[in-house]
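What follows is calculated from the coordinates using simple rules that are stated; it is not laboratory data. Only a predicted model underlies this, so the values are computations on that prediction, with no experimental measurement involved. All Cβ positions, even for glycine, are placed from backbone atoms using ideal geometry, and neighbour counts span all protein chains on display.
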Amino acid sequence: MLGTDFITDVLLISITVEPPLMLIPGVLATDVVLRTLCEAIAKAACAKLELEASELQAEYRPALTAAGRDGREAEIYLYDTLPGGAGFAQRVGRLGLPVFEEALRILEACPENCDRSCYRCLRSYKNKFEHDLLDRHLGSSLLRCVLTGAPPVLSVDRLQRTADLLYQDLERQGLDGLQLQRNQQISVPGLRDVIAPILATNRSKERFVIGIHGPLTPDDDPGLRELKEFSAATAVILVDELVIRRNLPAATANLIDRLG
């Protein structure tokens, strides 16, 4: 292995979250959201200071604390690419909140209204090896939560499109005895009515509610959470939205196995 010490100016940004929001080290969703924030913050900082895109870069790591190991704290570090530092990272620190507001604007206002990322918002030649880890919608959900306290949820439209992908792939399998329905209302005595994104009934007449959860919030739907905890007659299976979009065949195969 080859290595070197690179002495420069660094701005350390700590992000602290509370359950159900988690930034678990090594999990795909954590890598995607933090890599996305790195690119957005670096781009926003360069825009605010009128710098070339190559003069500031950002990386991330779990916080070196117990909270970091538990997925409740992560760190982004912004640094000058000039050896010895040029003071840019320090100036970003003094600018403060406007940099993060500009990063949120970059994430939410893509001119192409792209699905995940494109060359008009986050992609560049510099980050070509990370293009698959950039998701502006997931990044904006976390950044808006940090800035305003808004719940870190994906849009209803995106969740519906993802549920459609999964539903159509399950239907394509042509499994004997498996009945599938979209957006069916489930009524259980003592619980609130729940809309099942996908309702599956197998050949043994067992019912399964298949829901889509946000990558950073595995248990964020109160209705499905209650149904999962208190209804023995209907099983609830929650599937990670990011897994469906990144590896649909694996998500479908896992579901078929669980549906029996």
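Can you pull out the trypsin sites (Lys or Arg not before Pro) in region 69-123 that DSSP calls coil and that have at most 16 other Cβ atoms within 10 Å? Here the sparse-neighbourhood loop sites are Arg120.
Taking K and R as +1 and D and E as -1, what net charge do the other residues with C-beta under 12 Å from the C-beta of Ala251 add up to?
In short, -1.
Summarising the amide proton neighbourhood of Arg207: residues at separation of 5 or more, or on other chains, whose placed amide H is nearer than 5 Å comprise Ala235.
Can you give the FRET efficiency to the nearest 0.05 for Asp176 and Glu226, using r as the Cβ-Cβ distance and R₀ = 30 Å?
Numbers: r = 32 Å, r/R0 = 1.08.
Taking R0 as 30 Å, the efficiency between Asp176 and Glu226 is 0.40.
Solvent-free Debye calculation, one equal scatterer per alpha-carbon of region 99-144: log10 I(q)/I(0) at 0.21, 0.25, 0.26, 0.31 Å⁻¹ equals -0.65, -0.90, -0.96, -1.20. Each residue, Ala109 and Glu55, gets one label point 7 Å from its Cα in the Cβ direction; the gap between the two is 2.3 nm.
Rounded to the nearest 5, the antiparallel percentage of DSSP beta bridges internal to the chain is 80%. Residues Ile24, Ile41, ranked from the fewest to the most other C-beta atoms within 10 Å, line up as Ile24, Ile41. Work through the residues other than Gly84 whose Cβ is under 14 Å from its Cβ and net out their charges, Lys, Arg +1 and Asp, Glu -1. Neighbourhood net charge equals -4.
So what's the back-of-envelope 222 nm ellipticity for the chain, counting only DSSP H runs of four-plus at -39500 (n - 2.57) apiece and dividing by all residues, rounded to 500? Please list the in-between numbers first.
Working: 9 runs with 103 residues, N = 260.
It lands at -12000 deg cm²/dmol.
Length, then width, then depth: along the principal axes, the Cα atoms of region 156-259 run 36, 34, 20 Å.
Net charge within 15 Å of His131 by Cβ-Cβ distance, Lys/Arg positive one each and Asp/Glu negative one each, not counting His131 itself? Don't skip to the answer; put the middle values down first.
Working: positive: Arg35, Lys43, Arg116, Arg120, Arg123, Lys126, Lys128, Arg136, Arg245, Arg246; negative: Asp31, Glu39, Glu112, Asp115, Glu130, Asp132, Asp135.
For residues surrounding His131, the net value is +3.
Size descriptors for the chain: radius of gyration and Dmax over Cα atoms are 21.3, 68 Å.
Most fluctuating residue of Ser117, Ser140, Ser155 in a GNM of the chain with Cα springs under 10 Å: which is it? Checking each option, the largest mean-square fluctuation is seen for Ser155. Provide, for q = 0.09, 0.12, 0.16 Å⁻¹, the log10 of I(q)/I(0) from a solvent-free Debye sum over equal Cα point scatterers in region 10-148. After summing over all Cα pairs, the log10 values are -0.24, -0.44, -0.80.
Would you kindly state the longest site-free stretch of the chain, with sites defined as chymotrypsin sites (Phe, Trp or Tyr not before Pro) in a DSSP loop (not H, G, I, E, B) surrounded by at most 15 other Cβ atoms within 10 Å? Before the final figure, lay out the partial values.
Numbers: sites that count: Phe6, Tyr119, Tyr125.
My reading of the result: 126-260 is the longest stretch.
Build a GNM of the chain with springs between Cα atoms under 10 Å apart, and of Asp132, Asp240, Asp176 the one that fluctuates most is Asp176.
Just checking the listed ones, Thr65, Thr162, Thr234: in the Gaussian network model of the chain with Cα springs under 10 Å, the one fluctuating most is Thr65. Bridging of Lys128 to aspartates and glutamates at a Cα separation below 16 Å is possible for Asp31, Glu39, Glu59, once same-chain residues fewer than 8 apart are set aside.
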